[in-house]
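Engineer: Let me begin by handing over the structure; questions about it come next.
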Amino acid sequence: MGYSEGLNKVLWILAFHIVSIVMWFAGLFYLPRLFVYHSMIQDELGNARFKVMEKKLYVMTTIGLFLTVLFGFLLLRVEPQLIYAGWFQIKLFLVLTLLIYHFYCGYLVKIFRENENHRSHVFYRWVNEYPTIILIIVVILAVVKP
């Protein structure tokens with residue numbers, strides 16, 4: 001495979017990695033927002049509706065997560081030396097915290113499904129801010145490579 005063919009392949013993997021990130025983050029941004037509204041709901045019909053929305057969104061968000069990780073590993077196979085770069089190690093650590101956050105959101109979906117939520121909408125408003133902060137830092141690390 002020639003240089004341009006190899007580069008073209010990497011660009012396709014990168015494109016799918018970015019699309020997967022967008023899919024994952026759409027869920028990470030919106031799912032906690034659903035928790036905000038769900039925590040304020042008073043009626044059973046609304047409660048049931050939010051449970052369905054949260055479950056479906058969590059499934060789609062999880063697909064985005066796995067595709068992001070898959071394409072990320074494929075990119076890392078192309079440039080394995082990145083693992084030694086300080087900025088990349090910080091980025092990986094932050095992505096790991098997002099994985100933990102993601103599965104925490106899955107736990108919260110379960111809490112709401114079982115009608116065991118005891119937290120206010122204010123708590124979920126704060127929870128909702130975490131992925132935004134991490135996204136800003138990760139994009140700066142990936143683009144600027146300080």
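The values are calculated or read from the model by the stated rules, or taken from the named source; none is laboratory data. Since the model is a prediction, treat every value here as computed from it, not as a measurement. Here Cβ is always computed from backbone atoms with ideal geometry, including for glycine, and neighbour counts include all displayed protein chains. Side chains included, ligands, DNA and RNA excluded: accessible areas come from the protein's heavy atoms. Shrake-Rupley method; radii C 1.70, N 1.55, O 1.52, S 1.80 Å.
The rows are residues; the columns are (1) modelled with pLDDT of 95 or more; (2) more than 22 Å from H17 (Cα to Cα); (3) not polar (S, T, N, Q).
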position: F93; (1), (2), (3): yes, no, yes
position: L98; (1), (2), (3): yes, no, yes
position: F103; (1), (2), (3): yes, no, yes
position: N115; (1), (2), (3): yes, yes, no
position: V122; (1), (2), (3): yes, yes, yes
position: L135; (1), (2), (3): yes, no, yes
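Engineer: Residues in the stretch 5-21: is at least one within 30 Å of V122 (Cβ to Cβ) and assigned to a helix (DSSP H, G or I)?
Structural biologist: Narrowing the stretch 5-21 to residues within 30 Å of V122 (Cβ to Cβ): 21.
Then drop every residue that is not assigned to a helix (DSSP H, G or I), which leaves 21.
Yes, because at least one residue in the stretch 5-21 is within 30 Å of V122 (Cβ to Cβ) and assigned to a helix (DSSP H, G or I).
Engineer: Let me ask something else about it. Restricting to the stretch 133-143, and then to whatever is in contact (Cβ under 8 Å) with a residue 40 or more places away in the chain and farther than 16 Å from L65 by Cα, can you tell me which residue is most open to solvent (accessible area, probe 1.4 Å)? Can you show your working first?
Structural biologist: At the first step, the residues of the stretch 133-143 found to be in contact (Cβ under 8 Å) with a residue 40 or more places away in the chain are 134-135, 137-138, 141-142.
When the remaining residues are screened for being farther than 16 Å from L65 by Cα, the result is 137, 141-142.
Working: I137: 71, L141: 16, A142: 33 Å².
The residue in question is I137.
Engineer: Does the stretch 79-88 hold any residues that are in a helix (DSSP H, G or I) and either on the phi > 0 side of the Ramachandran plot or surrounded by 13 or more Cβ atoms within 10 Å (Cβ to Cβ) (or both), and which are they? Break it down stepwise before answering.
Structural biologist: So the first thing to find is which residues in the stretch 79-88 are in a helix (DSSP H, G or I), and the list is 80-84, 86-88.
Passing the criteria: L82, W87, F88.
Engineer: Do you know which of the residues in the stretch 15-31 that are surrounded by 14 or more Cβ atoms within 10 Å (Cβ to Cβ) and among the aliphatic types (A, V, I, L, M) is farthest from K55 (Cα to Cα)?
Structural biologist: Keep residues of the stretch 15-31 that are surrounded by 14 or more Cβ atoms within 10 Å (Cβ to Cβ), which gives 16-17, 19-21, 23-31.
Now drop any that are not among the aliphatic types (A, V, I, L, M), which leaves 19, 21, 23, 26, 28, 31.
Values: V19: 22, I21: 19, M23: 16, A26: 15, L28: 13, L31: 9 Å.
Checking each candidate, the answer is V19.
Engineer: Residue pairs, Cβ under 6 Å, 6 or more apart or interchain, first in the stretch 74-100 and under 15 Å from V139 (Cα atoms), second surrounded by 15 or more Cβ atoms within 10 Å (Cβ to Cβ) and β-branched (V, I, T). List them.
Structural biologist: The qualifying pairs are K91/V138; L94/I134; L94/V138; L98/I134.
Engineer: For the list (1) at pLDDT 95 or above; (2) surrounded by 15 or more Cβ atoms within 10 Å (Cβ to Cβ), I need the number of the one condition that F66 fails.
Structural biologist: Exception for F66: condition (2).
Engineer: Let me ask something else about it. Out of all the residues in the stretch 96-115, which are part of a helix (DSSP H, G or I) and open to solvent by 40 Å² or more (accessible area, probe 1.4 Å)? Spell out how you get there, then give the answer.
Structural biologist: Taking the stretch 96-115 first, the residues part of a helix (DSSP H, G or I) are 96-113.
Those that are part of a helix (DSSP H, G or I) and open to solvent by 40 Å² or more (accessible area, probe 1.4 Å): L96, L99, I100, F103, Y104, Y107, K110, R113.
Engineer: Let me ask another. Would you call K51 on the phi < 0 side of the Ramachandran plot, among the basic types (K, R) and free of Cβ contacts under 8 Å to residues at least 24 places away in the same chain?
Structural biologist: Details: on the phi < 0 side of the Ramachandran plot: yes; among the basic types (K, R): yes; free of Cβ contacts under 8 Å to residues at least 24 places away in the same chain: no.
It is false that K51 is on the phi < 0 side of the Ramachandran plot, among the basic types (K, R) and free of Cβ contacts under 8 Å to residues at least 24 places away in the same chain.
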